[in-house]
Structure formats: C-alpha cells, structure tokens
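Here the structure comes first, spelled out in structure tokens, and everything after it is commentary.
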C-alpha cells in the first residue's frame, strides 16, 4: 500500500512543481510547518554524510551545479519533503554535505529516505534521483547528466543470451582435451556453473538485493538517469 | 564512407551503422583483423594518414546504452565464448573480449607502461624498439586514452585493504594504479562494459575519432570472423571472412583485397588464423604466456562492499618486474568480480556467495615464462596448452601466502583460495598447507588469466621467431602481426598500454614506408563472395538483382566454345594453381543459385548441365546437356532486344518439349553470363522459370570429373609425408557439384611414421593407422571394409585429390552402374574426392 502511494507521487513529481517547492525553501532550512530547523549540532554518531560527483554527458565534471538532498516523506504540497541540505559542486564536480537526525526525524521516520535534486547553473532541475530506505550514514552519489534517452529499440540484444551461454559451453568442450582434464576439476567447474546460475545468482541478485546493478534491464528502451548510489559501509580499520 | 557494418539489427547508434545484407567484396590499402588495443590504434593511425582501411571484428558493435550491468546478458555480448574460454585442461579461464573494442571494453582499465627491465630484455631478444620510441608511444597513447592516476577517494575499501595489508606486512613498494577512465562513476562493473562510457576503451577513443574524421576512410565489419589469409609466395593478397549470426552460423561471406594485412586478433586468435592459413608453420603458437593469476579472498566480520567503486585501483609492486625483479616475479592487485563471475570463482558448495559484501579479494599476477602453446583441435578451433612450471608455481605460492597473511592480519575470519584441495583456510596457521598444495598439486589449482601474450614471437632470427622487429611476418613482404602475440616474453604488468604503444610504433613505421607497400600489386581475388564476376556464389534473390541490373556486354559471338571436347591444356582448358581456378572452354558449365533449400540443392545434383555453342554458317548453334541424361537439346542463339532488359542474347530450342522454353542470356564478361529461363509462351511473353549461370571459369569447388581426372593425372604430384600433417576435409566429386564434407581426418607423425586418424562428427577421433607409401602414390588404409586402395596426390599445400578404386568393395558395388559420384574407367569403379586442408 505504501509502495502504491510513493509510486504515484514519484510520477506526478514535475520540475515546475519542484521549483514551487524550492521557492518555499529558498535555500533555507525550514521544517514542513515553516519553522526553522536545526541542521547541525547533535553528536557525530548521528551525523549523515552525502558525497558525490557530477559530470556532463561527455564525462566532463561540472562546477556550480546545485545539489539538494531531501528526505522523502508521505507528504503532499502542504506537507513537503524535508530538505536535508544543499550545496554547490566545486571545480572537480564534487560535492559533500552532512546533516544530522534532527533534519528529518519525525513520528514516522527513523532513517532518512534520501533523494537528491540536481539543478544546473540557471536553476533548471536536471535530475531527481529515487529515494531509498535503510541507508547507511555515508551515501555516495555518482551522477552523469543527460543519460538514458530512449532510442528506437531495434532487435533485443539480450533475448538469446541463455542459448549463447549454452553454445559457449559446447565450444568450451571443443577447446578442452578430454585426456588432459582432471575429473575433479571438471566436476567442480560444472557444479559452479549450476550453482552460479541457480542458487548464487538468485540469492544475490534477486533475494539479497545486489546493489551494483543500477540501470534498467533494457537501458535503451527505458528512460533512466545515470545515477549510481552507494550506501557505503564504514571503513572500520 | 567511414562507418560500421554488421549483420545485427541495431538502431540509434552513435556511429554510422549499416546492416550487411549480402556477401561483401572489399578493396582497401590495409586490412586489419581485430579491433582491440592494437587493431583500433592501427586503424586510427593508418586511416588518418590517408590509407583506406578495412577492419574486421568477430564480435558485435555495442555501446554504453547496451551495457545493462547484468552478467548473464553481457557475457554473451562482450566476452569471447561467453567467458567460458579455457586452456585445454580446463584449469585456466582466459578472459578476452569479443566485441568492437576487444578486451579494452571489458578490462578493469588498468594502465601500466612497459617496465624498463622488459624493454631491455626484449631488445636482447631482437625487438628493435628504442627506449625513446617506447616513451613517445606511451605518451601518445596515454594522452588519447586519458590515462590518469586514481584519486584517493576512488580507492574503495577492498583496495584499501590491500594498501593497508601491504603496509602492515612491511612492504612499501605499493601505489595506486593509473586508469584510462574519465570521471569514473565507480559502478564496479568494468567487466561488463562501461554503461556510462567513462572508461576510455578503444571504441570511444581511437575508433570514434577515426570514424568521425572527414578525411578518414575506415570501414569496420563487425560480426565477421576472419577465416583465411590468402597469399602467393611471400605476398599476401587479402583476407577471407565469414559473417556470423548470433548462433555462429555463416550467413554471408567477406573478401577483402588489400595491399597490407595486419593480424591483431590477440594471442590466441592471431595464432589460430596464422596456423589455419599455414603461415609460419611450426613456429606460430609457441611461447605463449598467460600471466596466470590465483586469487585469495578474505572473509571479514565487517562490510567491505568490494563491488562499490572501481575494482582494480591498487597494486603491490614489491616482488614484481616494476620493482626490479628481472626473472619472473609477481604483482599483487586488488580485484573484484560481478556476481556470476564471482560465483564461478568460489567453491560450488557452502553458500559462500551469501557473504559477498564482506569479502576482500586480491590476485597474484605472475610474470610467467613463455611456456604455453596454441594448437588446432581436430575441428580446427584453437586450443591452449599450458602447464605452470616450478618458477610460476613458486610465485603463485608466495603471492597467495602473502595475501592470505594480509587478510588474517586485518581480522579475516577465514580465507578462500583457488586451490580445490585447500579452498578454505580457517587461520594463518593453515597457510603452509596452501603453499604446499600449490607447489605439490598444481593440477587442482584453478587460475584466471586476462593477459594472453606471445605465440608469434618477435625476433630477428626467422628460425625461432614469427615476425621481424617491424612486426612483419618473416618471409612475407606485406603481412604483419601486431598485438600481444608478438611479445617475446610476458610483460609482467597489465598489458593494454604496451599493446597500444606497440601498435602506435608499428603503424608509424608502416606509414613511413608506405611507398614500398603502395607499389605492391597483389592479384585481386574474389574468394567465395557472390559478385558479378562469380555469380555461382549468389543466392536467388541476389542473382535476380544482378540479372536485372546488369547489361549484356557482348553479343552472341562470345558464346562459341572450342571445337574440341577433349581437354587440351593451354588451348581449351587451363588451371590456375595459385587461385585453384579452372578455365574450361570445352563448354559453358551451368550453375544454379547457391540457396541451401532442398529444391535448389536437388536441382543442382540431379539437373546439373552444360551448354555448348558452335558456329554454323552465319548462325550460332548450341546444345544443352544435363549431365545425367541422354538429352542434347539443340538451340540457336540470336541477339534480341528484350523488353525491360535491352539487348540480350536469346536462346531458342528447336525440338519438343524444349521448344516450350527459351532462355535470355546477359553476357557480363567473356567467361560469365547470367541467364533466365522462360516457358509457356514465345518471347517476350514467357513465364519466368528459374535463373541460372553459365561460366567458363570456376573454382575447383565446382570441378567436374573430367577436370578431376586431368588434374589428378597432370597437375598433381606425389608428396613428402611431412607436407600433409594436419586436418583434412574430404568431399566427393560429381560433374554438377561437389558434395558437402563427408569425412575429416588428421595426418600425424608417430615414431617417424605417418599416421592417419578419422574424425567423426568433429568429436570423436578414431583409427590411428599407419599410412604406407608406394612410389608416387600414397596408399591409404581402406575405410569401406574390404581392403581397397586409395590414391592421393597433392595439388597445392592445402589441396589434394584422392581416388578410391576397386569393384569388389561392398559400397562401390552398390554404387556401380549408378551415376554421380562414381567414375568408371579401365581400373573399374572409382570414387573421386577432393581434400582441403583445414588445420
């Protein structure tokens, strides 16, 4: 149910809508009721950090772009999302901001549900990333602008990949000399192929939410932003 | 003019792309095979210098937008054999790209310039490249590829584990890597192609630039496998290739006529192509190095998330060639793999993938000796034979030990290795068991290799090397090999920059000496490509097109054949032994379209025919004779203006029932014409029946039994056993057409005797019988039961003719009296066949 609500909200989220929101905030930290918000303070334990880098479609880094971080709430126009911070990119295209629990905490939110809005130098919104629950305290966003335009799809290049894989096993058989292989090695390899395709692949990618894949399955056919979001673990040593 | 061509249906490409819809006959100054780190640089530099260049790439053309970060879909698109590319004992997985851009599309973007020790070592071995040349080339390549050292914030926790581990174990010779990546997004999936195109692979750099320069003339053929380099003496005249569909079936043919051919397909494929073309026999394939790399994974109680960020950004140089170790040695490099690949690296049982986020991984890059070999399998595909020696195993053991210590030192709860007998170490005390297992039982050590090098060694001595210091194949004036396969020894570091630098140097040298190559005039050949010069290779659709578009260049007088039906060499018949082409003026041999459907094939074998013409007073008379009949249909040729086709030659028949039909002929050159048969109406009102071709010039693949007998008796010779070693394919000869391959066999030497072995279906090899010699005839053992004698004679080094004779063999007995693949002469019944060497 909650998913349904969030979904519709994302769809209806238009840039002009955002500009209106933005003029409300006007770069200042306010809570949803219009009161000023404490942004810093609190102990370093509860501080969150967002880092990242923005480049244009030719992979050149961009300077002076505005990055705003929001906490996505179950809000409406009258109850807008919390602004967690905003910052401009430096000459390397990088940005960094920190915020504490106070910036987003309310009756519902225990963890921020962070998304970024990137505006170019003229204030035009170029990207709004999607939100994500259960983040770590160190978030890294790598963003490439103007990505993922939809182009005519042509032939689906992925549709016969399974057949190709099977053919590859056959060819691997021809490249092997049956008198040289060690039976245990061959058995282990076959087991790995089976395990890789069944248990491991599903476990990691489907069940455990492997976080490396960040583009849609058919990138040419589906509008998407070039955004990589890492919820980074803390380097503990 | 410049552009990419391929058989895949692709849309919305950054470069100009066109779908290939038929055979291609190309002509260029330079033909390059392979579009990887070497081929792309060569294509760029030669085309920008004004040469017309054709580049052949077996893989497909894919861009960032196609790369969807999923192993199971990207491995088939980008990796050679979907990643299942092994040595012949299946112990070493060799990672190679097979796509436009080659391995540069799927590598980790690590760039090292060639170490000084290696430069010196290679110079001693005959590589004539000075330090200055290397340096200039390295700088040029680094600039083009935007090579920069990684920033501190790009070194992820996995790489930091190596950094800290190296320091903790007391080794200071360590440093961040340089990468050819602009503003890396750090998705960590370099192995699956860069979706964001931040990785500066060859397609987005060298090829993109060359394709978009208005002055360049670069045509790239993707989905095309180069199958043969053709040459006469020491002069190469071109390359033949097959366009392949997704499943690897041949859909069209390619022939490139070129002044210079450069093989840059990578160690294994380059060697394979040379071996298949019988170039540098006995030398090509020797001295392969692989940089075999065992890996060691540490399982930590805290999260590493090695998948986040660039996988390979840090190296420990302490024991490597980059730190002055001149014999062997190893580097330790961080590495991480996408899920399916990681799962192939981990033991199958034990649920180890669950701990994926807690693993730190590093590999040992061993600088091995040139101890491997590439050879051809019975089916003609490449096989790699590689056994690590004591030196290599020692380096692997030391490197693995070191990484294992680093991981335990930093709190790993267990260590996973690539040795099957000791795949999990629970504590540092177990490390000696691992090193012992690596040294003592290397058969169960699984290795990865991403850097196959060597095989076509560069050197001054033609007896021990394949190419000279300029990259030119010894004994050839215009054939080059330029890729990692010419490295005389392993380079010891990730080789892409060295490969590109070498290609820079070689292409500069070719450009400087271009006049020399421009003066070469190698003969133009047509391969097996459908064209107006040899329409017998065309399918119906294309034949119709050719027929409709072409004009009859000659009148009916050209049709007249020799008055003699017997072969008189040099008068009405000749044989070009270099191109294996027959010219036969005794009659015009008839051909149908080359479609594979049963109807057309049936026509070819049952209704194969010839037409013969002679002068009779003021007119040209002729006859049409299907080989397997008593029919000689008399006809007369007249010049005629046919509506829609202009001036053509009309062939009208005199007798019933042939009178119901007529043919119109377009004579496209003196020895070739395309005809259309009509029926049920007088000209021009007849209905189309079929297209056909008549030719006085055809390849030996279309020889008749008369041609066979004449060549067998007059143009073929006895041979030395050493000349026939390799794999041969046999096809039966009938007048209308030669059969598909009926069997394959391999000749080999064993204890000084020539032996032969049959290859059944390309999988099983059986037999192993000794072959005896008797005067100039070779007697081969019988394969049809009763001892019959097969005589084989050699025409050229890859073409032989054979005859199996004797009336009392059961099979020949059955065939006796039948027509087709049988010759009946004074010796009785004989089965003629041709042998083509394929490996």
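Would you mind telling me which numbered condition in (1) touching a helix residue (DSSP H, G or I) at 6+ places or on another chain (Cβ under 7 Å); (2) facing another protein chain (nearest Cβ under 7 Å); (3) at pLDDT 85 or above residue A:226 fails?
Status for residue A:226: all satisfied but (1).
Counting only residues that are under 19 Å from residue B:698 (Cβ atoms), give me the strands (runs of 3 or more DSSP E) lying completely in the stretch B:582-663 with at least 1 of them.
Numbers: elements: B:588-591, B:609-616, B:619-626, B:633-642, B:646-653.
The qualifying strands (runs of 3 or more DSSP E) are B:588-591, B:609-616, B:619-626.
Name every residue in the stretch B:195-218 that is more than 10 Å from chain A (Cβ to nearest Cβ) and either buried (at least 24 other Cβ atoms within 10 Å of the Cβ) or assigned to a loop (DSSP other than H, G, I, E, B) (or both), in order of residue number. I'd like the intermediate steps shown before the answer.
To start, the set of residues in the stretch B:195-218 that are more than 10 Å from chain A (Cβ to nearest Cβ) comprises B:201-203, B:205-218.
Residues satisfying the conditions are B:201, B:202, B:203, B:206, B:207, B:210, B:212, B:213, B:214, B:215, B:216, B:218.
Give me the strands (runs of 3 or more DSSP E) completely within the stretch B:741-839, filtered to those with at least 3 residues that are at pLDDT below 60, ordered by residue number. Show your work before the answer.
Working: elements: B:753-760, B:764-770, B:772-774, B:777-780, B:789-796, B:799-805, B:823-825, B:828-837.
Per the criteria, B:764-770, B:772-774, B:777-780.
Anything in the stretch B:34-52 that is surrounded by fewer than 23 Cβ atoms within 10 Å (Cβ to Cβ) and either within 14 Å of chain A (Cβ to nearest Cβ) or in a helix (DSSP H, G or I) (or both)? List them, or say none. Outline the logic, then answer.
First, the residues of the stretch B:34-52 that are surrounded by fewer than 23 Cβ atoms within 10 Å (Cβ to Cβ): B:45, B:48-50, B:52.
Within the stretch B:34-52, B:45, B:48 qualify.
Scan the stretch B:591-648 for residues that are crowded, with 18+ Cβ neighbours inside 10 Å, farther than 25 Å from residue B:538 by Cα and free of Cβ contacts under 8 Å to residues at least 40 places away in the same chain and report the count.
Looking only at that region, the number is 2.
Which one of B:443, B:380 is touching a strand residue (DSSP E or B) at 6+ places or on another chain (Cβ under 8 Å) and within 14 Å of chain A (Cβ to nearest Cβ)? Step through it out loud before you land on a result.
Values: B:443 fails: touching a strand residue (DSSP E or B) at 6+ places or on another chain (Cβ under 8 Å).
Of B:443, B:380, the one residue that is touching a strand residue (DSSP E or B) at 6+ places or on another chain (Cβ under 8 Å) and within 14 Å of chain A (Cβ to nearest Cβ) is B:380.
Considering only the stretch B:88-125, state which residues are crowded, with 22+ Cβ neighbours inside 10 Å, within 18 Å of the chain's Cα centre (by Cα) and not in a helix (DSSP H, G or I).
B:94, B:96, B:97, B:98, B:99, B:100, B:101
Is the stretch B:222-237 home to any residue that is touching a residue at least 60 places away in the same chain (Cβ under 8 Å) and at positive phi?
yes
Go through the stretch B:408-526 and tell me which helices (runs of 4 or more DSSP H), entirely inside it, have 3 or more residues that are under 22 Å from residue B:114 (Cα atoms).
On the way: elements: B:431-440, B:496-512, B:514-518.
Output list reads B:496-512.
Out of curiosity, is residue B:589 at pLDDT 95 or above, in the same structural domain as residue B:637 (by TED's automatic domain parsing) and within 17 Å of residue B:738 (Cα to Cα)? Step through it out loud before you land on a result.
Working: at pLDDT 95 or above: yes; in the same structural domain as residue B:637 (by TED's automatic domain parsing): yes; within 17 Å of residue B:738 (Cα to Cα): yes.
Spelling it out, residue B:589 is indeed at pLDDT 95 or above, in the same structural domain as residue B:637 (by TED's automatic domain parsing) and within 17 Å of residue B:738 (Cα to Cα).
Of the residues B:55, B:77, which single one is surrounded by 22 or more Cβ atoms within 10 Å (Cβ to Cβ), in contact with a strand residue (DSSP E or B) (Cβ under 7 Å, 6 or more places away or on another chain), more than 8 Å from every other protein chain (Cβ to nearest Cβ) and not in a loop (DSSP other than H, G, I, E, B)? Let's see the steps before the verdict.
Working: B:77 fails: more than 8 Å from every other protein chain (Cβ to nearest Cβ).
Exactly one of B:55, B:77 is surrounded by 22 or more Cβ atoms within 10 Å (Cβ to Cβ), in contact with a strand residue (DSSP E or B) (Cβ under 7 Å, 6 or more places away or on another chain), more than 8 Å from every other protein chain (Cβ to nearest Cβ) and not in a loop (DSSP other than H, G, I, E, B), namely B:55.
Do we find a residue being farther than 30 Å from residue B:539 by Cα, crowded, with 24+ Cβ neighbours inside 10 Å and either modelled with pLDDT under 95 or in contact with a helix residue (DSSP H, G or I) (Cβ under 6 Å, 6 or more places away or on another chain) (or both) anywhere in the stretch B:219-233?
The initial filter retains those residues of the stretch B:219-233 that are farther than 30 Å from residue B:539 by Cα, namely B:233.
With the extra rule that they be crowded, with 24+ Cβ neighbours inside 10 Å, the set shrinks to none.
Checking the stretch B:219-233: not a single residue is farther than 30 Å from residue B:539 by Cα, crowded, with 24+ Cβ neighbours inside 10 Å and either modelled with pLDDT under 95 or in contact with a helix residue (DSSP H, G or I) (Cβ under 6 Å, 6 or more places away or on another chain) (or both).
Residue check, residue B:339 against (1) farther than 25 Å from residue B:455 by Cα; (2) away from chain A (no Cβ under 11 Å), all met but one. Which one?
Result: residue B:339 fails condition (2) only.
Determine which member of the set B:332, B:304, B:279 is assigned to a loop (DSSP other than H, G, I, E, B), surrounded by 19 or more Cβ atoms within 10 Å (Cβ to Cβ), assigned by TED's automatic domain parsing to the domain that holds residue B:437 and touching a strand residue (DSSP E or B) at 6+ places or on another chain (Cβ under 7 Å). Give the steps one after another, and end with the answer.
Numbers: B:332 fails: assigned to a loop (DSSP other than H, G, I, E, B); B:279 fails: assigned by TED's automatic domain parsing to the domain that holds residue B:437.
Within the list B:332, B:304, B:279, the selection yields B:304.
If we scan the stretch B:162-182, do we find a residue that is free of Cβ contacts under 8 Å to residues at least 12 places away in the same chain and either within 15 Å of residue B:334 (Cβ to Cβ) or not assigned by TED's automatic domain parsing to the domain that holds residue B:113 (or both)? Let's see the steps before the verdict.
Applying the first criterion (free of Cβ contacts under 8 Å to residues at least 12 places away in the same chain) to the stretch B:162-182 yields B:167, B:170.
Narrowing the set further to residues that are either within 15 Å of residue B:334 (Cβ to Cβ) or not assigned by TED's automatic domain parsing to the domain that holds residue B:113 (or both) leaves B:167, B:170.
Yes, the stretch B:162-182 contains a residue that is free of Cβ contacts under 8 Å to residues at least 12 places away in the same chain and either within 15 Å of residue B:334 (Cβ to Cβ) or not assigned by TED's automatic domain parsing to the domain that holds residue B:113 (or both).
So residue B:259 clears everything in (1) outside any strand (DSSP E or B); (2) within 30 Å of residue B:535 (Cα to Cα); (3) in contact with a helix residue (DSSP H, G or I) (Cβ under 7 Å, 6 or more places away or on another chain) except one condition, right? Which one?
Every listed condition holds for residue B:259 apart from (1).
Given the conditions (1) over 13 Å from residue B:835 (Cα atoms); (2) loosely packed, with under 15 Cβ neighbours inside 10 Å, which single one is not true for residue B:696?
Of (1) over 13 Å from residue B:835 (Cα atoms); (2) loosely packed, with under 15 Cβ neighbours inside 10 Å, only one is false for residue B:696: (2).
Report, by residue number, each residue of the stretch B:443-486 that is under 30 Å from residue B:420 (Cβ atoms) and buried (at least 21 other Cβ atoms within 10 Å of the Cβ). Explain how you work it out, then say what you get.
Keep residues of the stretch B:443-486 that are under 30 Å from residue B:420 (Cβ atoms), which gives B:443-455, B:484.
If the condition is that a residue be under 30 Å from residue B:420 (Cβ atoms) and buried (at least 21 other Cβ atoms within 10 Å of the Cβ), then B:445, B:446, B:447, B:448, B:449, B:450, B:451, B:452, B:453, B:454, B:455, B:484 are the ones that fit.
Do we have residue B:387 as assigned to a loop (DSSP other than H, G, I, E, B) and under 23 Å from residue B:287 (Cβ atoms) here?
Working: assigned to a loop (DSSP other than H, G, I, E, B): yes; under 23 Å from residue B:287 (Cβ atoms): yes.
Judged against the criteria, residue B:387 is a match.
Answer with yes or no whether residue B:121 is within 14 Å of chain A (Cβ to nearest Cβ) and out of contact with any helix residue (DSSP H, G or I) (no Cβ under 8 Å at 6 or more places or on another chain).
No: the conditions fail for residue B:121.
Could you list, in sequence order, the residues of the stretch A:182-217 that are assigned to a helix (DSSP H, G or I), at the interface with chain B (Cβ under 7 Å from one of its Cβ atoms) and within 17 Å of residue B:421 (Cα to Cα)?
A:184, A:185, A:186, A:188, A:189, A:191, A:192
Which one of the conditions (1) touching a helix residue (DSSP H, G or I) at 6+ places or on another chain (Cβ under 9 Å); (2) modelled with pLDDT of 85 or more; (3) crowded, with 18+ Cβ neighbours inside 10 Å; (4) more than 7 Å from chain B (Cβ to nearest Cβ) does residue A:139 fail to meet, given that it meets all the rest?
Against the list (1) touching a helix residue (DSSP H, G or I) at 6+ places or on another chain (Cβ under 9 Å); (2) modelled with pLDDT of 85 or more; (3) crowded, with 18+ Cβ neighbours inside 10 Å; (4) more than 7 Å from chain B (Cβ to nearest Cβ), residue A:139 comes up short only on (1).
Residue pairs, Cβ under 6 Å, 6 or more apart or interchain, first in the stretch B:248-265 and outside the structural domain of residue B:27 (by TED's automatic domain parsing), second buried (at least 21 other Cβ atoms within 10 Å of the Cβ). List them.
none
The values are calculated or read from the model by the stated rules, or taken from the named source; none is laboratory data. Treat the numbers as computed from the prediction; the structure is a model and nothing was measured. Please note: Cβ atoms are built from the backbone with ideal geometry, for glycine as well, and neighbour counts cover all protein chains shown.
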